[in-house]
Amino acid sequence: MSLFRILHISDFHFCVHPNRKNWSRLFQDPPSLTLRHFSGPISIATFPSSYSDEMAEASARFVLEEGENFDLFVVSGDVATIGTKESIAAAFNFIDDKRVHEYLNSQWRPTLGADEERFFLVPGNHDRYRDIFGGTASPEFDRAFTKYWRPTHGVQHRVIQDGDSHLAVVAGDFCLATDDEASGLNRLGRGKAHAEVVDEMISRTANLRGKYSDLIAIWVVHFPPIGLPWKESPLVLIDADYFRSQAKRYGVALVLAGHLHRNQVDLSPNQTPVICGGSMCVCEGTDHNWIHGIEIECEGGEVREVRKNDFVWNDNVGDFVGTSFSRIL
């Protein structure tokens with residue numbers, strides 16, 4: 001029996017200044033609006049909320065203290081608030097800076113201290129925003145994150161081993177390639193399951209199965225390929241049906257996603273299960289903030305059980321607090 005442990009985190013929304021909530025003044029200094037100016041939840045389709053500095057520090061401390069318990073760190077997109085050079089650089093530094101003072105870098109700022117061999121990510125729509133109006137296809141993420149994001153045809157993968165079993169983690173970039181792929185404000189939260197990217201994920205998975213007879217495959221995307229209520233229609237993945245049908249057809253065990261800023265598991269009948277990670281440190285507060293531990297137990301190329309342990313942000317203690325394991329499969 002083999003056991004793979006994955007730390008699943010998502011939607012950091014890092015930028016130069018923390019605790020931002022306002023769209024048009026996002027890059028003004030001093031910060032304009034923060035959570036205390038709002039009495040109710042704000043739609044993620046309306047404002048590019050930035051990150052909480054308190055939660056970011058707690059996240060860095062969590063990764064330092066618990067990181068050795070996991071085989072791989074999977075980040076399902078939106079590491080930055082917006083895809084400008086400054087915000088992308090801030091996100092990269094939070095992820096990549098070396099630890100000097102426990103979980104702090106040389107400037108006494110929190111860092112995840114990422115290990116290139118164990119850190120795996122995919123971009124999200126915010127990472128591709130060219131400007132505060134949500135124009136897509138910013139190149140800054142690709143330029144900054146070459147250490148962690150080296151795709152071919154929009155896809156990259158990692159294979160890890162435990163005993164006689166291998167786990168392939170295959171990630172696809174479904175961010176809009178052009179503004180024309182979705183209209184108006186409707187494009188801000190949209191992604192598209194580009195057929196060429198899905199087909200490359202299929203090809204990559206099939207090739208790896210040819211190499212490893214005991215392979216378990218999971219796919220990682222930013223946009224969850226699930227049905228959403230009407231009010232969340234601007235967040236629906238375009239052509240999601242094609243993606244999910246191919247995941248099922250090619251025996252993908254699990255899909256990891258982010259984007260919705262909430263902890264959600266979709267177990268629709270006759271479909272590949274989808275685990276949607278909540279935001280780790282966005283200062284939005286619509287569904288708490290989350291870090292997820294996922295355990296995949298397998299044998300002979302077959303998944304025996306998938307378990308998830310959620311660590312939820314607790315304001316009273318100022319830290320992430322673990323809950324009991326729940327069985328997904």
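Considering the range 94-107, and only residues there that are out of contact with any Ser or Thr (no Cβ under 9 Å at 6 or more places or on another chain) and within 13 Å of R61 (Cα to Cα), the residue that is least open to solvent (accessible area, probe 1.4 Å) turns out to be H101.
Screening the range 182-198 for residues that are open to solvent by 20 Å² or more (accessible area, probe 1.4 Å) and assigned to a loop (DSSP other than H, G, I, E, B) and picking the one that is farthest from V274 (Cα to Cα) gives S183.
Residue-by-condition table, conditions (1) open to solvent by 50 Å² or more (accessible area, probe 1.4 Å); (2) out of contact with any Phe, Trp or Tyr (no Cβ under 9 Å at 6 or more places or on another chain); (3) over 30 Å from V63 (Cα atoms):
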| residue | (1), (2), (3) |
| --- | --- |
| V122 | no, no, no |
| Y129 | no, yes, no |
| I132 | no, no, yes |
| W149 | no, no, no |
| D164 | yes, yes, no |
| E200 | no, yes, yes |
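Looking at I218, I226, I238, which is the one that is in contact with a strand residue (DSSP E or B) (Cβ under 9 Å, 6 or more places away or on another chain), among the β-branched types (V, I, T) and either open to solvent by 50 Å² or more (accessible area, probe 1.4 Å) or closer than 16 Å to V159 by Cβ (or both)? Going through I218, I226, I238 in turn, just one is in contact with a strand residue (DSSP E or B) (Cβ under 9 Å, 6 or more places away or on another chain), among the β-branched types (V, I, T) and either open to solvent by 50 Å² or more (accessible area, probe 1.4 Å) or closer than 16 Å to V159 by Cβ (or both): I218.
Cβ-Cβ distances below 9 Å connect no pair with a first residue in the range 59-71 that is in contact (Cβ under 8 Å) with a residue 40 or more places away in the chain, a second residue that is open to solvent by 20 Å² or more (accessible area, probe 1.4 Å) and assigned to a helix (DSSP H, G or I), and a separation of six or more residues or different chains.
With the structure loaded, tell me whether F70 is surrounded by fewer than 17 Cβ atoms within 10 Å (Cβ to Cβ), touching a Leu at 6+ places or on another chain (Cβ under 9 Å) and under 27 Å from F174 (Cα atoms) or whether it fails that test. Considered against the rule, which asks whether it is surrounded by fewer than 17 Cβ atoms within 10 Å (Cβ to Cβ), touching a Leu at 6+ places or on another chain (Cβ under 9 Å) and under 27 Å from F174 (Cα atoms), F70 comes out as no. When the range 233-291 is filtered for residues that are touching a residue at least 60 places away in the same chain (Cβ under 8 Å), closer than 20 Å to D173 by Cβ and small (G, A, S), the ones remaining, listed by number, are A257, G258, G277, S279.
Under the condition of being part of a loop (DSSP other than H, G, I, E, B) and crowded, with 21+ Cβ neighbours inside 10 Å, the residues counted in the range 169-181 number 3.
Evaluation of A168 against the conditions (1) within 18 Å of V220 (Cβ to Cβ); (2) free of Cβ contacts under 8 Å to residues at least 40 places away in the same chain shows that the sole unmet condition is (2). Scanning the range 182-193 for residues that are in contact with a Lys or Arg (Cβ under 9 Å, 6 or more places away or on another chain) and modelled with pLDDT of 95 or more gives a single hit, A193.
When the range 135-147 is limited to residues that are over 14 Å from H13 (Cα atoms) and in contact with a Pro (Cβ under 9 Å, 6 or more places away or on another chain), the one that is least open to solvent (accessible area, probe 1.4 Å) turns out to be F145. When S279 is tested against (1) among the hydroxyl-bearing types (S, T, Y); (2) crowded, with 16+ Cβ neighbours inside 10 Å; (3) in contact with a Lys or Arg (Cβ under 7 Å, 6 or more places away or on another chain), only condition (3) is not met. Checking the range 307-319 against the condition returns no match, with no residue being open to solvent by 20 Å² or more (accessible area, probe 1.4 Å), at pLDDT 95 or above and over 27 Å from M55 (Cα atoms).
Could you please let me know if H259 is under 20 Å from S49 (Cβ atoms), within 17 Å of the chain's Cα centre (by Cα) and open to solvent by 60 Å² or more (accessible area, probe 1.4 Å)? Answer is no for this residue.
The values are calculated or read from the model by the stated rules, or taken from the named source; none is laboratory data. Remember, it's a predicted structure, so these values are computed and weren't measured experimentally. For neighbour counting, all protein chains shown are included, and Cβ atoms are generated from backbone atoms with ideal geometry for every residue, glycine included. All accessible areas refer to the heavy atoms of the entire protein, side chains included, with ligands and DNA or RNA removed. Shrake-Rupley method; radii C 1.70, N 1.55, O 1.52, S 1.80 Å.
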